[in-house]
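J.: I'd like to ask you about the structure that follows.
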Amino acid sequence: MIQKYVYGHPINTDAVVMEIPERRETLSVMELTESDGVRLCCRMEENDVVYGLGEQVRGMNKRGFTYISYAEDDSIHTENRRSLYAAHNFLVLGRRNQEKSLNKDQSFGIFVDDPGRVVFDVGETKYNQLVIQAGSDCVIYVIDGEGLKDIVKQFRKLIGQSYLPPKWAFGYQQSRWGYRNEDDVREVVNRHHGQGVPLEAVYLDIDYMEDYKDFTVDKEKFPKFGAFTGEMKERGVHLVPIIDAGVKIEKGYPIYEEGVQNDYFCKDENGENFVAAVWPGRVHFPDVLNQEARDWFGGKYRILMEQGIDGFWNDMNEPAIFYSEKNLKKVMDEVLSLKDENLDIDSYFHMTGIVAGLSNNQEDYKSFYHNMNGKKQRHDKVHNLYGFNMTRAAAEAFEKIAPDKRTLLFSRSSYIGMHRYGGIWTGDNESWWSHILLSMQQMPSLNMCGILYTGSDIGGFANDTTEDLLMRWLEFAIFTPLMRNHSAMGTREQEIYQFERIEDFRNIIRIRYGLLPYIYSEYMKAALTDEMYFRPVSFDYPEDAFAYQVEDQLMVGDSIMIAPVYVQNAKGRYVYLPEEMLMVRMHSLEDRTSKVLGKGHHYVEIGLNELVIFVKKNHVLPLAVLDKDVKTTADVAETNMEWLGFIGESVESVEYVLYNDDGISRDYVPEKDWKKMIVQKKELERV
Ligand code: GLC
């Protein structure tokens, strides 16, 4: 059951899609005070667990830290960070009884629909207290149900169906900030193909544009862009360009001119277009919270779509600000005034502080305004809606530009509700082992909030990767719907062909293509029925006390559990099995062995070039048989499949619902696309 409570005069965020009658009485599960905004407080019992909050640092169980929902362009994702790029204000408190299994009656979910700053103190100040601090104008939804999965499912119904990408978006994708021109891109494709490695997409980072101007292509680097996208398509490769939030201020640049003429940009206090700076220097921000401006900005994606583009990534849309013109002037004046001074400890740190404080400055976010349905709205109050609405601008435009097709779209910043329009990637991580674990822990939290199409920069964005880090990361990323290797300019090149163990990389990526029928089927079923594709182990085994402590294993789809290695030089790891399972070890897609392991703790050896998965009892999964030269998802023939699975002694066959479709059209017809397969035990013999 979902209860809705309204405080003050909240703006409509469009996060939810269901009409829920408003309750007048006080909130039952948490104590409420309304003196300084809305403050909710409840006691947590010793064994309670808290899941959710989407893109955040730390574990799946969020207990013990304070998280702040305020989208931030902060590339250092260490465990002291309170905000990353997104705001996902939904959590579930799992109350556990004496025996430590779940007490369904006292567990609940809570969604704070407030697009400004919201603070979640999940037992940091006091270990036994959950405190949520929102603004004065917000809507609170409280959900109770039959356990963790059910609470999440109800929430997911409330916020609407998750985004459905084209099937090709489940293939292996290569990106790097630094591919400069056609030849660089060709080289990436040639070298993957040359090594017999499938490749679905190459990303175009900011360098493809002319002076970092959105919806332009640099003619020197890509003289015939339309022809080039065609050439790539013929080779099965999609080009995916980046679009940034800031529009360059430049006379004669049509997007700038039109935006100024029609008042489509955000305004400052004086009603002038607000001036910030990002990649191209001075920019204006399109006011994507204004429907008319949103339609206009979204319509611009057509320029690239007409040249053959069918996928985009939206970036810097927190929005990130290097500096605002106003603040820069103030800081410059102050720094210059110190020119001949003797800088002592205080004045020196003051100076470095004001310079560092130029970027993403809170005062800047308070100094510009949106036009929301004719009403002036200060940005900081609706800050977390910007990335959501930039992505919505694109998705709403795709409905008109390519209504029959699915278009790939994902964003860096997001708010709950954006999951209906696109996916996200988790931003600028580092080539650190701890970031494999962070990515694993973020996945189920994101799925709870409806974001299913997601993944991290494989190999790490910042710093230099190593061969073993990339290999282990890929072994996890085989399961993330977005499987993209991406890195920053200036770091060690990390395409798989830069390393010696090419055969191992090839094997791993081919396993992804072999698992495609399962990954696609499980993703689409989860999206169409409001389920989670990735789940913490405790969601599937709520009666198992130890399952709540498992922070580095995941349930993936209905049939399997994974336990990736994320420690350098480790040759294996401890794995907890909440029930008897079949351990399948793959050296390659074709070279597999398997063994039944009992419930409990096991040390499992996992070589650098091995993938190990655990199949649940009486469950199966489809596996494609691949040709030697498979290059893209289109080469994975659904007709040539075998079954991997674990069927118990007294059972002869099990059912698996296989979802499949043409991967591109948007008519998801249950009778046509959902097939009930009965798999006999003897069909599993090959394993
Ligand atoms: C931002 C993005 C990153 C991209 C870079 C250059 O840092 O998060 O993915 O490569 O900008 O566009």
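J.: Kindly provide the set of residues from region 304-338 that are of a type in the set (Asp, Glu), under 30 Å from residue 382 (Cβ atoms) and either more than 16 Å from the ligand (Cβ to nearest atom) or modelled with pLDDT under 95 (or both), ordered by number.
T.: From region 304-338, those of a type in the set (Asp, Glu) are 306, 310, 315, 318, 325, 333-334; that's our starting set.
Adding the requirement that they be under 30 Å from residue 382 (Cβ atoms) leaves 315, 318, 325.
Matches in region 304-338: 325 only.
J.: For region 637-654, how many residues are of a type in the set (Asp, Glu), out of contact with any strand residue (DSSP E or B) (no Cβ under 6 Å at 6 or more places or on another chain) and under 13 Å from residue 679 (Cα atoms)? Spell out how you get there, then give the answer.
T.: Keep residues of region 637-654 that are of a type in the set (Asp, Glu), which gives 638, 642, 649, 652.
From the residues that got through so far, the ones that are out of contact with any strand residue (DSSP E or B) (no Cβ under 6 Å at 6 or more places or on another chain) too are 638, 649, 652.
In the following step, the residues that additionally are under 13 Å from residue 679 (Cα atoms) were identified as 652.
Total meeting the criteria: 1.
J.: Also, quick follow-up: With respect to residue 339, is the statement that it is surrounded by fewer than 18 Cβ atoms within 10 Å (Cβ to Cβ), of a type outside the set (A, V, I, L, M, F, W, C) and in contact with a helix residue (DSSP H, G or I) (Cβ under 7 Å, 6 or more places away or on another chain) true? Step through it out loud before you land on a result.
T.: Working: surrounded by fewer than 18 Cβ atoms within 10 Å (Cβ to Cβ): yes; of a type outside the set (A, V, I, L, M, F, W, C): yes; in contact with a helix residue (DSSP H, G or I) (Cβ under 7 Å, 6 or more places away or on another chain): no.
Answer is no for this residue.
J.: Whether any residue in region 146-153 is touching a Pro at 6+ places or on another chain (Cβ under 7 Å), assigned to a helix (DSSP H, G or I) and within 13 Å of the ligand (Cβ to nearest atom) is what I want to check. Give the steps one after another, and end with the answer.
T.: Keep residues of region 146-153 that are touching a Pro at 6+ places or on another chain (Cβ under 7 Å), which gives 147-148.
Okay, now just the ones that are also assigned to a helix (DSSP H, G or I), so 148.
Next cut, within 13 Å of the ligand (Cβ to nearest atom) only: none.
No, region 146-153 has no match at all.
J.: Which residues, counting only those in region 279-291, are buried (at least 24 other Cβ atoms within 10 Å of the Cβ) and farther than 18 Å from residue 382 by Cα?
T.: 283
J.: Exactly one condition in (1) under 13 Å from the mean Cα position of the chain (by Cα); (2) under 21 Å from residue 52 (Cα atoms); (3) within 16 Å of the ligand (Cβ to nearest atom); (4) of a type outside the set (Val, Ile, Thr) is false for residue 435; which is it?
T.: Going through (1) under 13 Å from the mean Cα position of the chain (by Cα); (2) under 21 Å from residue 52 (Cα atoms); (3) within 16 Å of the ligand (Cβ to nearest atom); (4) of a type outside the set (Val, Ile, Thr) one by one, residue 435 breaks only (1).
J.: Have a look at 251, 267 and point out the one that is of a type in the set (Lys, Arg) and either buried (at least 23 other Cβ atoms within 10 Å of the Cβ) or in contact (Cβ under 8 Å) with a residue 12 or more places away in the chain (or both). Before the answer, list the steps.
T.: Values: 251 fails: either buried (at least 23 other Cβ atoms within 10 Å of the Cβ) or in contact (Cβ under 8 Å) with a residue 12 or more places away in the chain (or both).
Among 251, 267, only 267 is of a type in the set (Lys, Arg) and either buried (at least 23 other Cβ atoms within 10 Å of the Cβ) or in contact (Cβ under 8 Å) with a residue 12 or more places away in the chain (or both).
J.: While we're on this one: Could you list all residues from region 109-133 that are among the acidic types (Asp, Glu) and more than 20 Å from residue 414 (Cα to Cα)? Before you say what the answer is, go through the steps one by one.
T.: Initially, region 109-133 is screened for residues among the acidic types (Asp, Glu), giving 113-114, 121, 124.
Scanning region 109-133 gives 121, 124.
J.: Residues that are under 24 Å from residue 127 (Cβ atoms) and within 24 Å of the chain's Cα centre (by Cα): which strands (runs of 3 or more DSSP E) entirely in region 1-115 hold 2 or more of them?
T.: Values: elements: 2-7, 31-33, 38-43, 49-52, 65-69, 90-94, 108-113.
Correct list: 49-52, 65-69, 90-94, 108-113.
J.: So, in region 407-437, exactly how many residues are surrounded by 24 or more Cβ atoms within 10 Å (Cβ to Cβ), part of a loop (DSSP other than H, G, I, E, B) and polar (S, T, N, Q)?
T.: 3
J.: Now a separate question. Return the residues of region 189-204 that are in contact with a Ser or Thr (Cβ under 8 Å, 6 or more places away or on another chain), away from the ligand (no atom under 16 Å from the Cβ) and closer than 23 Å to residue 464 by Cα; say none if nothing qualifies.
T.: 199
J.: May I pose another question? Please note which strands (runs of 3 or more DSSP E) are completely contained in region 561-651 and include at least 3 residues that are on the phi > 0 side of the Ramachandran plot and of a type in the set (S, T, N, Q). Even if it seems obvious, please write down each step before you answer.
T.: Details: elements: 572-577, 581-586, 592-597, 600-605, 611-616, 619-624, 641-646.
So the answer is none; nothing clears 3.
J.: Would you mind finding the one in 95, 176 that is surrounded by fewer than 19 Cβ atoms within 10 Å (Cβ to Cβ), in contact with a helix residue (DSSP H, G or I) (Cβ under 9 Å, 6 or more places away or on another chain) and in contact (Cβ under 8 Å) with a residue 24 or more places away in the chain?
T.: On the way: 176 fails: surrounded by fewer than 19 Cβ atoms within 10 Å (Cβ to Cβ).
The match here is 95.
J.: Provide a single number: the residues in region 484-535 that are away from the ligand (no atom under 16 Å from the Cβ), at negative phi and not in a helix (DSSP H, G or I). Walk me through it before giving the result.
T.: Step one: list which residues in region 484-535 are away from the ligand (no atom under 16 Å from the Cβ), which gives 496-535.
From what is left, the residues that are at negative phi are 496-529, 531-535.
Now restrict to residues that are not in a helix (DSSP H, G or I): 499-501, 529, 531-535.
The number of residues fulfilling the criteria is 9.
J.: Going by the structure shown, is residue 265 farther than 21 Å from residue 423 by Cα, of a type in the set (Phe, Trp, Tyr), in contact with a strand residue (DSSP E or B) (Cβ under 6 Å, 6 or more places away or on another chain) and away from the ligand (no atom under 16 Å from the Cβ)?
T.: Working: farther than 21 Å from residue 423 by Cα: yes; of a type in the set (Phe, Trp, Tyr): yes; in contact with a strand residue (DSSP E or B) (Cβ under 6 Å, 6 or more places away or on another chain): yes; away from the ligand (no atom under 16 Å from the Cβ): yes.
It is true that residue 265 is farther than 21 Å from residue 423 by Cα, of a type in the set (Phe, Trp, Tyr), in contact with a strand residue (DSSP E or B) (Cβ under 6 Å, 6 or more places away or on another chain) and away from the ligand (no atom under 16 Å from the Cβ).
J.: If you take the residues of region 395-432 that are among the hydroxyl-bearing types (Ser, Thr, Tyr) and more than 16 Å from the ligand (Cβ to nearest atom), which of them is farthest from the chain's Cα centre (by Cα)? Please lay out each step first, then the result.
T.: We begin by selecting, within region 395-432, every residue among the hydroxyl-bearing types (Ser, Thr, Tyr); these are 407, 411, 413-415, 421, 426, 431.
Going one step further and asking which of them are more than 16 Å from the ligand (Cβ to nearest atom), we end up with 407, 415, 421.
Values: 407: 17, 415: 11, 421: 13 Å.
This residue is 407.
J.: Can you name the residue in region 467-479 that is without any contact (Cβ under 8 Å) to a residue 40 or more places away in the chain and either surrounded by fewer than 24 Cβ atoms within 10 Å (Cβ to Cβ) or of a type outside the set (Phe, Trp, Tyr) (or both) and, of all such residues, is farthest from the ligand (Cβ to nearest atom)? Steps first, please.
T.: Kept after step one, since they are without any contact (Cβ under 8 Å) to a residue 40 or more places away in the chain, are these residues of region 467-479: 467, 470, 473-474, 477.
Now restrict to residues that are either surrounded by fewer than 24 Cβ atoms within 10 Å (Cβ to Cβ) or of a type outside the set (Phe, Trp, Tyr) (or both): 467, 470, 474, 477.
On the way: 467: 22, 470: 17, 474: 18, 477: 16 Å.
Across region 467-479, the extreme among qualifying residues is 467.
J.: Considering region 175-188 alone, what residues qualify as being in contact with a strand residue (DSSP E or B) (Cβ under 6 Å, 6 or more places away or on another chain) and within 13 Å of the ligand (Cβ to nearest atom)?
T.: Going residue by residue through region 175-188, those that are in contact with a strand residue (DSSP E or B) (Cβ under 6 Å, 6 or more places away or on another chain) are 175, 185, 188.
Hit for region 175-188 is 175, nothing else.
J.: Here's another thing I want to ask about it. Being part of a loop (DSSP other than H, G, I, E, B) and under 30 Å from residue 511 (Cα atoms): is that true of residue 127 here? Give the steps one after another, and end with the answer.
T.: Working: part of a loop (DSSP other than H, G, I, E, B): yes; under 30 Å from residue 511 (Cα atoms): no.
Answer is no for this residue.
J.: Which of the residues spanning region 601-626 are surrounded by fewer than 16 Cβ atoms within 10 Å (Cβ to Cβ) and within 23 Å of residue 477 (Cβ to Cβ)?
T.: 605, 607, 608, 625
J.: Could you please find all residues in region 285-306 being among the basic types (Lys, Arg) and within 14 Å of residue 254 (Cβ to Cβ)?
T.: 300, 302
J.: Considering only residues that are assigned to a loop (DSSP other than H, G, I, E, B) and within 15 Å of the ligand (Cβ to nearest atom), which ones fall in region 222-247? Talk me through it step by step, then tell me what you get.
T.: At the first step, the residues of region 222-247 found to be assigned to a loop (DSSP other than H, G, I, E, B) are 222-224, 235-237, 245-246.
Once the filter is applied, which keeps residues that are assigned to a loop (DSSP other than H, G, I, E, B) and within 15 Å of the ligand (Cβ to nearest atom), region 222-247 yields 245, 246.
J.: Continuing with this model, one more query. Looking at 127, 141 in this structure, which one is under 22 Å from residue 64 (Cα atoms) and of a type in the set (Ser, Thr, Tyr)?
T.: Details: 141 fails: under 22 Å from residue 64 (Cα atoms).
Within the list 127, 141, the selection yields 127.
J.: Scanning region 438-464 for residues that are assigned to a loop (DSSP other than H, G, I, E, B) and surrounded by fewer than 24 Cβ atoms within 10 Å (Cβ to Cβ), which turns out nearest to the ligand (Cβ to nearest atom)? Spell out how you get there, then give the answer.
T.: Keep residues of region 438-464 that are assigned to a loop (DSSP other than H, G, I, E, B), which gives 449-453, 456, 459-461, 463-464.
From the residues that got through so far, the ones that are surrounded by fewer than 24 Cβ atoms within 10 Å (Cβ to Cβ) too are 463-464.
Working: 463: 14, 464: 16 Å.
Filtering region 438-464 for residues that are assigned to a loop (DSSP other than H, G, I, E, B) and surrounded by fewer than 24 Cβ atoms within 10 Å (Cβ to Cβ), the one nearest to the ligand (Cβ to nearest atom) comes out as 463.
J.: Limited to region 261-308, what total is found for residues that are of a type outside the set (Val, Ile, Thr) and assigned to a strand (DSSP E or B)? Outline the logic, then answer.
T.: Restricting attention to region 261-308, the residues satisfying the condition of being of a type outside the set (Val, Ile, Thr) are 261-274, 276-277, 279-282, 284-287, 289-302, 304-308.
Remaining after also requiring assigned to a strand (DSSP E or B): 265, 267-268, 273, 276-277, 281-282, 284, 286.
Number satisfying all stated conditions: 10.
J.: Right, residue 207: within 16 Å of the ligand (Cβ to nearest atom), under 23 Å from residue 302 (Cβ atoms) and in a loop (DSSP other than H, G, I, E, B) or not?
T.: no
J.: Which condition breaks for residue 350 when tested against (1) within 16 Å of the ligand (Cβ to nearest atom); (2) more than 24 Å from residue 245 (Cβ to Cβ)?
T.: (1)
J.: OK, next. Looking only at region 32-87, which residues are within 16 Å of the ligand (Cβ to nearest atom), among the hydrophobic types (A, V, I, L, M, F, W, C) and surrounded by 18 or more Cβ atoms within 10 Å (Cβ to Cβ)?
T.: If we filter region 32-87 for residues that are within 16 Å of the ligand (Cβ to nearest atom), which is where we start, we get 55, 71-77, 81, 83-86.
After this cut, where a residue has to be among the hydrophobic types (A, V, I, L, M, F, W, C) as well, the list is 71, 76, 84, 86.
Result: 71, 84, 86.
The values are calculated or read from the model by the stated rules, or taken from the named source; none is laboratory data. Since we're looking at a predicted model, the values are computed, not measured. Neighbour counts are summed over all protein chains in view; Cβ atoms, including those assigned to glycine, are modelled from backbone coordinates with ideal geometry.
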